Amino acid sequence: RKPITLHRLREMHAAGERITMLTCYDATFARVLDEAGVECLLVGDSLGMVLQGRPSTLPVSLDEVAYHTECVARGNRSAWLIADMPFGCYQESKEQALRSAVRLMRAGAQMVKIEGGGWTPETVRFLVDRGVPVCAHLGLTPQSVHALGGYRIQGRDEDGAATLRRHAAELADAGAAMLVLELIPSTLASEVTRALPQLMTIGIGAGPECAGQVLVLQDMLGLTRGKLPRFVRNFMQGAGSIDEAIRTYVQDVKNGRFPDPQLHGY
Ligand code: KIV
Ligand code: NA
């Protein structure tokens, strides 16, 4: 496969082909996911929970994300590589955000992801103008878990939905190329996706009508213990290998079999 570029992702999106993304934190899985045809690898700050056993993403440092980004970059051949900007490394100022983004780009990231709306478009514009592609993230933004009062669905009431629509439009105007929509009603995600065709929406617990989908790798491989959110599907069920599970995820996102509106939507 030829290297996935932002241009290629936009072509896919324009042609109505769904974009597949999974989290990835190491070289071995980077190679596996890349070979299975996953277009985007996300070095998520979910590594705080998945790899470090922490209760939230809040303690994850820029050094740690940079380290895992280097590991993934070494294993990856052609996938588009996105790194999360961890809590505290971009909120202070747009200059601080650029310094942190530069660190992650040097580690091999091709795009950085920042959480939140309202105050973020200024930062997004600053980064995009300086050559850093940006993925935004709205809905349930785990770095704000204490402010949000837990891991709960967002944008359910009309006020919340209107705010999310406005924040998404502002981020699109600021030049964000992608937008992760986490744990929001499927109808709201669908509206945002249709209203802002310049923004590739990537859903996680946001229904089947986003431009693409993302899951946490260890969740979709059935490795995560404890209560999982409803939007997760265990792709190892019925698969003979990890490679087959990943290929099934790619196929099922592409042909609209995942997520299922009833089983995985809100
Ligand atoms: O950190 C992460 O894994 C994420 C995805 C769930 C979108 O931000
Ligand atoms: Na994250």
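Residue-level check: of (1) under 21 Å from residue 243 (Cα atoms); (2) of a type in the set (D, E, K, R); (3) surrounded by 23 or more Cβ atoms within 10 Å (Cβ to Cβ), residue 26 misses just (3). Residues considered: 46, 61. Of these, the only one that is within 11 Å of ligand 1 (Cβ to nearest atom) and closer than 19 Å to residue 112 by Cβ is 46.
The single residue among 83, 101 that is more than 14 Å from ligand 2 (Cβ to nearest atom) and surrounded by 24 or more Cβ atoms within 10 Å (Cβ to Cβ) turns out to be 101. Annotation note: of 250, 232, 192, the sole residue that is closer than 26 Å to residue 28 by Cα and surrounded by 19 or more Cβ atoms within 10 Å (Cβ to Cβ) is 250.
One residue is enough: does region 154-163 have a residue meeting the conditions buried (at least 24 other Cβ atoms within 10 Å of the Cβ), away from ligand 2 (no atom under 16 Å from the Cβ) and within 19 Å of the chain's Cα centre (by Cα)? Yes.
For region 48-83, a residue qualifies if it is touching a Ser or Thr at 6+ places or on another chain (Cβ under 8 Å) and under 24 Å from residue 4 (Cα atoms), and the qualifying residues are 75, 80, 81, 83.
In region 169-208, the residue that is farthest from residue 230 (Cα to Cα) out of those that are among the acidic types (Asp, Glu) and out of contact with any helix residue (DSSP H, G or I) (no Cβ under 6 Å at 6 or more places or on another chain) is 173. Of everything listed in (1) closer than 18 Å to residue 215 by Cα; (2) surrounded by 17 or more Cβ atoms within 10 Å (Cβ to Cβ); (3) more than 17 Å from the chain's Cα centre (by Cα), the single unmet condition for residue 41 is (3). In this structure, residue 211 does not qualify as farther than 21 Å from residue 148 by Cβ, more than 16 Å from ligand 2 (Cβ to nearest atom) and surrounded by fewer than 16 Cβ atoms within 10 Å (Cβ to Cβ). Among the conditions (1) surrounded by fewer than 21 Cβ atoms within 10 Å (Cβ to Cβ); (2) of a type in the set (A, V, I, L, M); (3) more than 20 Å from residue 20 (Cα to Cα), the only one that residue 127 does not satisfy is (1).
Among residues of region 105-118 that are closer than 10 Å to residue 85 by Cβ, those with a Cβ under 6 angstrom from a residue that is modelled with pLDDT of 95 or more and of a type in the set (D, E, K, R), sequence gap 6+ or separate chain, pair up as 113/84.
Residues being of a type in the set (D, E, K, R), under 18 Å from the mean Cα position of the chain (by Cα) and either on the phi > 0 side of the Ramachandran plot or within 11 Å of ligand 1 (Cβ to nearest atom) (or both) are entirely absent from region 14-29.
Among the conditions (1) over 27 Å from residue 8 (Cα atoms); (2) in a helix (DSSP H, G or I), the only one that residue 192 does not satisfy is (1).
Counting the residues of region 130-140 that are farther than 18 Å from residue 154 by Cα and either surrounded by fewer than 19 Cβ atoms within 10 Å (Cβ to Cβ) or touching a residue at least 60 places away in the same chain (Cβ under 8 Å) (or both) gives 4.
The values are calculated or read from the model by the stated rules, or taken from the named source; none is laboratory data. Note that the structure is predicted; figures quoted are calculated from it, not measured. In this analysis, Cβ positions are derived from the backbone assuming ideal geometry, glycine residues included, and neighbour counts consider all displayed protein chains.
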